[in-house]
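Each value in this text was obtained by applying a stated rule to the coordinates, not by laboratory testing. Predicted model only: the values in this text are computed from it and were never measured. Ideal geometry is used to build each Cβ from the backbone, glycine not excepted, and the neighbour counts take in all protein chains shown.
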Amino acid sequence: MRDRDGCLEGVLKLVLLTAVFDWLEDRFGFGRGFSCTGVGCGFIILVVFIVMACGVVTGTDWLSLF
């Protein structure tokens, strides 16, 4: 059984996740692309970020549920 992440490791994961989210948001997010594609991609990026951030905070492995 794997031990839980430490505080520093969780904070580092959140910082890296935020950096990736900001980069993706600048490239493909809200206000980018033609008509609704920027809104659609921005919404998908936002939902994925929220799921991954909740996984880091709670320590849940979402892929093991399937």
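Ranked by how many other Cβ atoms sit within 10 Å of their own Cβ, fewest first, the residues 58, 18 fall in the order 58, 18.
Computed from label points 7 Å out along Cα-Cβ, the spacing between residue 12 and residue 43 is 3.7 nm.
Ordering 14, 8 by the number of other Cβ atoms within 10 Å of each residue's own Cβ, fewest first, gives 8, 14.
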